[in-house]
Structures are given as C-alpha cells and as structure tokens.
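Notes follow once the structure below has been shown.
Nothing in this text is a laboratory measurement; each read-out follows from the coordinates by a stated rule. Values in this document were obtained by computation on a predicted structure and should not be read as measured data. Because the Cβ atoms are built from the backbone with ideal geometry, glycine has one as well, and the counts that use them run over all protein chains shown.
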C-alpha cells in the first residue's frame, strides 16, 4: 500500500478534475441538442424538473459506482459480477441488453451527427455521418484517457459557449423558469397536436429523461474515466483487470485514509459533471422554448438541423444560428467519441467475465475488436436507415436510458454496501463504508426509474 498516491486536498482537487469533463461531454449530446430543444419547443420550460431530477438521480448512481472503483481499482462491470446470486447473473443481463442497445444508440448518434455537421459543411449528411464515425474511431483507437480528455474538454467548452449565448437571448423570465422545476404542468399545445405530436406529454418527457446524464452505460463509463485518471486504487489507463482481492485484504488504516481522501476527489469531480449537465441541458430547453415554441415549430425530420439553424439565424442573425449549430454539432460529436470509447470497454469487460476464454486476449485486442464492430454498424445504420434522428434517438433513450437504470441503482447499492465490505478487513471496511445518504439516494433512484418503466414505458410504444 506504500504505492498508493496521496490525494490532493482543497482547491488542488480542481487541478485534477478530468473524468467529469469526459463524462459530461459524453452524456451532453443527442438528448440535449435535439430532444431537449424539441421538447422545450413543445412543452416549454415546464419540463425542467425532469432534467434536474434525471441528472441528479443518475449522478448518485455514477458517483457511487466511481466511489467503489476508487476503493477497489476495478470498474462497475466487475463490481456487478460480484453481486450475490447466480454466477454473473447481472453481467449476463448487461451483456444482452447493452449489446443491442449500443448498436442502436451509437448508430442513431452517428446519424444525427451527420445531419448537424452537414449544415456547417457543404457535404452530404451521410458522408458527414461516416466522417464522424471515422473521427470517433481514430480518437478512441489508442484507448488512452489523456487524448480523450483533451478532445472532449475542448468540445464541451464549445458546447457551453454556443448554447449559453443562445439561451441568454431566449430567456423567458425567472418566474416561468422557476415554475418549470415543479412537476405536473406539462400540456401538449394545440399547434403541436396539429403537427402530429402525441397528446401524451410523457412521449416527449421519457426520452429526455432517458438521455439526461446519459443512460445505463454512461454511469458505467464514468468508472472507466476514473480508472483512466488513476484515482485511488486504480492503475492509470489499466483496463480489463479485476481487483486484487488479496491486496485489498491487506490494506491498513493509513491506506484506507488515503482512499477516503480520494473519495472527496470523486465527489468534487462528479459534481462538476452534474452542474454542467443541468445548466447546458436546461439551456437547450430554454432555447427551444424561447425560439421554436413561439414559432410553433418542432422539427424532427431529415431537415431538422437546417430548420434549427435557419430559425436561430432569423432570430439573432447568422452568428447566432452558427453558434447554436456549432455547439450542437460539438455536443453530438463529443458524445459519439465518448460512446465509441465507452461501449467497447463495457462489452469487453462483460465478454471477459461471461466468456473467460475471451479474457485471454490482450485487452487492446478485446477493445479494438468492439471498436471495429461498432464502426461497421455505424456506417451501416447511417447508410441504410435514412435520416430520422428524433425517432432513432427516442428508441435509443428508452433502451439504454431507462430500462436498466432501476437495476443499476440496486446493483450499485449492493456494490458499495455489501460487496465492498467483503473485500476489506473489518477495520478498513469501517473507515471506507459509505454514508447512509448514498443508500437513500440509490433507493430513490431505483423507485423513480422503476415507476417510469412500469407505468409509462409500456404506453410509449
């Protein structure tokens, strides 16, 4: 344990914030740029509560999972494999659900990215979609966190600048915005009904909540970004290796106190992602409500990006339209890069655990094999399914954003309160045990998302 790094304290923590920038760059994308803007146009700021609650609850899932990673050195999928019950039962569920969910979600994002990028460049949308897929593959190929952090950080700052500029001018007033944090005021207006929008507001709210702070996979990926940064017991940029349980059992009180200091780093880092996510997503909603709503427009077809650009340009001139499109395109591309880097890690871990022979391959071969697979499916979806960004994104939001989230909350609860306790000696376990607030918030996340799955998702289809 002498090799365990001493955690930074105070303002020094901000100097090593990094996983959060990759995390929020990855989850601020299609749901925010397209769905949040469109839903804001239809329902106005009245759905801000859905954004805040969705991001806040998923923040607790992602942060708690990262807390486990800091303590043990392994990612969330390995944690799920240790959950009590039949051997690897949770990982099998993840593997089956995420394999198909990943294909749809990444493909739909490549599709949407192509639509937006083609409005900035005089190039066909399908070719732009392929270009984004190639760019994401190139950035992700090395598997190095440092490269990912630099590119994703640059993209997220472009997003923030672009959307803040637009939302400030579209701001409807504090009274209307603050009332949006109270659930229950969403009604689909008559003009939207005339355009074919479903009268049930949940058909618009559910996909938005599904993509708020990303889906199931985003919370798993955050544990990978923490590994990439080398927090706590993790070994920097070392993936696909379960925790050294013998080493953990030998941890002493000094080591445990260092780990506890690293918990504070994760809390700060994750909070940065949550704050950015709430602000940026809220700004996209306000932009949609302030610009598209009064014009009674809710674009969704192949010309979505062109329509949005023209509308925003008519409001604030070409510069305003350009900034919105630049921010939106950067958000979509950063999410594409994050997903392209995250899902191969998730599926490589799942296959390694469920099929031990797969784990005999070097980690980079496992990872790059899935990178190539998703690159091929991206190219195929962009070419064959047509440019239907809203429809594809809504399906992806339900598959990845909501269906597994209740289970994930329970798995993370079991991981930090049951599994983690078994990995350390009694004295160290007592020092590292989570506060009861973690249990409360994880159960709350389970209850909220389970309610959506039981009462609203069946009617979505």
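The simple Förster model, with R0 at 22 Å and r as the Cβ-Cβ distance, assigns residue 134 and residue 364 a FRET efficiency of 0.70.
Label separation (residue 146 vs residue 380): 3.7 nm, computed from points 7 Å beyond Cα along the C-beta direction. Restricting to Cα pairs below 8 Å that are 6+ residues apart, what does the relative contact order work out to for the stretch 154-248? Please round to a whole percent. RCO, the stretch 154-248: 10 percent.
Say R0 is 25 Å: what FRET efficiency, to the nearest 0.05, do residue 178 and residue 454 get from their beta-carbon distance? Mind dumping the intermediate values first?
Details: r = 30 Å, r/R0 = 1.22.
Efficiency computed from Cβ-Cβ geometry: 0.25.
Semi-axes of the equivalent ellipsoid of the stretch 11-147 are 30, 21, 19 Å, computed as sqrt(5λ) over the eigenvalues of the C-alpha gyration tensor in descending order. Sequence-distant contacts, meaning Cα pairs under 8 Å at least 6 residues apart, place the relative contact order of the chain at 37 percent. Kirkwood hydrodynamic radius of the stretch 92-179, from the reciprocal of the average inverse Cα-Cα distance over all distinct pairs: 16.0 Å.
Given the Cα-Cα distance of residue 168 and residue 268 and 0.36 nm per residue of separation, how much length would full extension add, in nm?
Values: separation 100, 0.36 × 100 = 36.00 nm, distance 2.72 nm.
Extra length available between residue 168 and residue 268 comes to 33.3 nm.
Note on residue 16 and residue 410: their simple-model spin labels are 3.6 nm apart, each label 7 Å out from Cα toward Cβ.
Assuming 0.36 nm per residue, please report the length gained on full extension of the stretch residue 418 to residue 89 beyond their Cα-Cα distance.
This chain segment gains 116.8 nm when fully extended.
Between residue 96 and residue 120, residue separation times 0.36 nm minus the direct Cα-Cα distance comes to 4.9 nm.
Using the alpha-carbon atoms, what tilt in degrees (0 to 90, nearest 10) does helix 363-384 show relative to the longest principal axis of the chain? Result, in degrees: 20.
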